[in-house]
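Inspection log for the structure reproduced underneath, given as structure tokens.
The values are calculated or read from the model by the stated rules, or taken from the named source; none is laboratory data. The structure displayed is predicted, hence computed values, not measured ones. Here the Cβ is made from the backbone with ideal geometry for all residues, glycine too, and neighbour counts use every protein chain on show. When the accessible area is computed, the model is the full protein with side chains, heavy atoms only, and any ligands, DNA or RNA have been set aside. Shrake-Rupley method; radii C 1.70, N 1.55, O 1.52, S 1.80 Å.
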Amino acid sequence: MKNTFSYFLIFLLPFVAFAQTVKNTGSMTDMSKENFAPHIRLDTITNKRHLFGMGPYGKMQGEISVWDGVPYFSEVNADGIGVVSKNWNIEAPFFVYANVSKWKKYKVNLNCRNLNDLQKAIENIVKVKAYKTDAPLVIKIKGKFDQLTTHIVMPRSMDIPGYQANKKQADYDFEQIEGEILVFYSQKHQGIYTHKDSFIHAHFLSKDKNTMGHIDKIKSNGKVELSFSIE
């Protein structure tokens, strides 16, 4: 298999330099040490216009994804089904976010077998454009994906609503699902808002808005719309 995105790089010229002010509070590494105490209430964010963000919901009660100023959160019901709701009156033990009103969009062929391929695809574009990754990036990927596995985290303690014994997350597998992926990319925030072995944190929101969660696995070989935040 050839390198991810190897077929579309020639279509990326010319490119507008992009940068984005990304903010974060709390961290993946410290949240368990702090008993998942909230570091932010989303309703206290002053500027919600064109806001994008992600993090866990409450005390590991689900997932939060803010998409263009709309606050989605998902949680697992008693039947194991992921339920998506909208509300600003929610908290997170860590959260990463940015206000993005302008995007540079490309129609590309996304050929990836896992999240590492997705990260490499982003880095290939950055390399071709000679953009320095000294600041975090916000990325959207819209299209139909061959396979996705997402999860919704669940409470670790029985005194938290939604707790189910011996279950820390619910996993969901999808095929040929249409929607959008939100990615925060950074080489400087491992253990803060990306995992220690990755530069990306990615959430998925289905086209019908009924499915939302953290992406664990991805396979794709088709056309998508890939957008970078610009200022």
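Protein heavy-atom surface of the chain, 1.4 angstrom probe: 47% of the accessible area is carbon and sulfur, with nucleic acids and ligands not counted.
For the chain, the solvent-accessible area of protein heavy atoms averages 49 Å² per residue (probe radius 1.4 Å; ligands and nucleic acids excluded). Take His39: with every protein chain present and a 1.4 Å probe, its accessible area is about 80 Å².
With a 1.4 Å probe rolled over the protein heavy atoms of all chains, the accessible area of Thr29, Thr44 falls in the order Thr44, Thr29, largest first.
Phi-derived couplings, Karplus 6.51 cos²θ - 1.76 cosθ + 1.60 at θ = phi - 60°, listed residue by residue for segment 80-86: x, 8, x, 10, 9, 10, 10 Hz, with x used for Gly and Pro. Between [x] 118; [y] 135; [z] 126, which entry matches volume of the Cα convex hull per residue in Å³ as derived from the coordinates of this structure? Identified label for the calculated read-out: [x]. The simple Förster model, with R0 at 22 Å and r as the Cβ-Cβ distance, assigns Tyr106 and Gln190 a FRET efficiency of 0.25. Of the cross-linked pairs Lys142/Lys217; Lys107/Lys142; Lys120/Lys196; Lys86/Lys223, those separated by over 18 Å at the C-alpha level are Lys86/Lys223.
Amide H to amide H, with H built 1.01 Å from N, Ile90 comes under 5 Å of Leu42, Asp43, counting only residues 5 or more places away or on other chains.
Dipole magnitude for the chain: computed about the Cα centre from +1 point charges on Lys and Arg Cβ and -1 point charges on Asp and Glu Cβ, it is near 800 debye. The angle between the Cα long axis of helix 115-128 and the main principal axis of the chain comes to about 40°, on a 0 to 90 degree scale.
Comparing Thr211, Thr46, Thr25 in a Gaussian network model of the chain, where Cα atoms under 10 Å apart are tied by springs, the biggest mean-square fluctuation is seen for Thr46. Spatial offset of segment 172-186 relative to segment 53-80 amounts to 15 Å, using the alpha carbon center of each. Ranking Gln187, Leu115, Met31 by how far each Cα lies toward the positive end of the dipole of the chain (charges on Cβ) leaves Gln187 at the top.
Couplings 3J(HN,Hα) for segment 149-164, derived from phi with the Karplus relation 6.51 cos²θ - 1.76 cosθ + 1.60 (θ = phi - 60°), are 10, 10, 9, 10, 5, 10, x, 8, 10, 5, 8, 9, x, x, 4, 10 Hz, where x marks Gly and Pro. When the C-alpha to C-alpha distance is required to be over 21 Å, the pairs from Lys105/Lys127; Lys168/Lys207; Lys33/Lys59 that qualify are Lys168/Lys207. The residues Tyr163, Tyr97, sorted by heavy-atom accessible surface at 1.4 Å with ligands and nucleic acids left out, run Tyr163, Tyr97 from largest to smallest. Among 133-145, 59-71, sorting by the average number of other beta carbon atoms lying within 10 angstrom of each residue, highest first, gives 59-71, 133-145. Looking only at segment 52-73, which residues have a backbone nitrogen under 14 Å from a spot 7 Å from the Cα of Lys209 in the C-beta direction? It comes to 65-73, nothing else.
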